[in-house]
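Below is one structure; the comments refer to it alone.
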Amino acid sequence: MTTRCAPMLAGLGLAIQFLTRIPLPIAIDWNDANRRWAARCYPLVGLAIGGLMASLAAASSALPDPLRALLLLTLWVGATGGLHLDGVMDLADALGSNTSLERRWEIMKDPQVGSFGILALVFLLAWKAALLWCWLALEAPLWALVVLPALSRGAAVALLISVPAARPRGLAYQWQQGLYWGDLALALLPCLALVLVAPLFGLLGMALAMGAFTWCFGRGMIQAFRGINGDMLGSAIEGGEVWLLIVVSSWWWCATG
């Protein structure tokens, strides 16, 4: 079934289809307006994922923390279908090759996964599981778990706006068309609703931490590949989530220790 609904709803549908494995039995027009609204909805989809995780964390409070951490990680990966993990593996294989730029691009396009990609996947999931365990053991606030996936997806939008596409084709290049900083501001507006349950300084601190990560990641991709592509956006989302887990866990450990 094809939909010609308003661009805002169509964009939300596109964002859900691109960022999750939630089945939407509709074909949404791939046009500039829908694509722009989809980018604006990236953090909103992240809030939904974070809300599911926070709900599971609350509902499983009677279970041991290691099992709760594994359940949360399973939900986290399952909700996104591992889409971003594929980008992490491709980027790790390319960076680990220590070869020419053109060869790195060939490696990223290769559907086979190399040893660097497997190592990156194992260590990323291990870090997420360990940090979630620490989060639960420290009884860190659940509101931060809600906003964390939203900010990491906001980082992807920021990269699309601030870093050129490495090549004038592909999904990253198409997503960039017509995107401006005002779109990022609109995208992050839903996060402000959390001020009803979370301290403003905490939200601002997480936003600043993610901003620093995004800037460093973007500069690194420009140096290594002269721009970004879809795999790098997925890697930024995954890496940003790990970074915020470290930041919030460390902050809460210091605040309560």
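The values are calculated or read from the model by the stated rules, or taken from the named source; none is laboratory data. All values reported here derive from a predicted model rather than from experimental measurement. Methodologically, a virtual Cβ is constructed for each residue, glycine included, from the backbone with ideal geometry; neighbour enumeration extends over all protein chains shown. Side chains are part of the model used for accessible areas, which takes the heavy atoms of the whole protein and leaves out ligands, DNA and RNA. Shrake-Rupley method; radii C 1.70, N 1.55, O 1.52, S 1.80 Å.
Using only DSSP helix segments of four residues or longer, with each worth -39500 (n - 2.57), what per-residue ellipticity at 222 nm results for the chain after dividing by its residue count and rounding to 500?
-24500 deg cm²/dmol
Taking each pair of distinct Cα atoms in the chain once, what is the resulting Kirkwood hydrodynamic radius in Å?
Here the Kirkwood hydrodynamic radius works out to 18.8 Å.
Arrange the residues Y173, Y42, Y180 by how much accessible surface each exposes, largest first, with a 1.4 angstrom probe. Working shown, then result.
Values: Y173 85, Y42 20, Y180 140 Å².
Greatest to least solvent exposure: Y180, Y173, Y42.
Accessible area of L196, 1.4 Å probe, to the nearest 10 Å²?
Solvent-accessible area, nearest 10 Å²: 150 Å².
Put a dot 7 Å past each Cα toward the Cβ at L171 and R226; how far apart are the dots in nm?
Spacing of the two 7 Å Cα→Cβ label points: 2.4 nm.
Just read off the accessible area of R103 with the full protein assembly in place, 1.4 Å probe, to the nearest 10 Å².
110 Å²
How do F213, F123, F116 rank by accessible surface area computed with a 1.4 Å probe, from largest to smallest?
Of F213, F123, F116, the descending order of accessible area is F123, F116, F213.
Quote the FRET efficiency, to the nearest 0.05, computed for S250 versus L189 with a Förster distance R0 of 25 Å and r equal to the Cβ-Cβ distance.
With a Förster radius of 25 Å, E is 0.35.
Ignoring everything but the protein chains, give the 1.4 Å probe accessible area of S61 in square angstrom, nearest 10.
It works out to around 80 Å².
Hey, rough spin-label estimate for L208 and A27, points 7 angstrom out along Cα→Cβ, what's it come to in nanometres?
Reported label-point gap for L208 and A27 is 4.9 nm.
Enumerate the amide H contacts of D29 below 5 Å, restricted to partners 5 or more residues apart or on another chain; note that Pro and chain-start residues carry no placed amide H.
Answer set, sorted by chain and number: T3.
Just how far, in whole angstrom, is segment 16-87 from segment 149-174 if you go by their alpha carbon centroids?
Answer, in whole Å: 18.
What's the extension gain from S55 to S115 if we count 0.36 nm per residue and subtract their Cα-Cα distance?
So the chain would gain 18.0 nm between S55 and S115.
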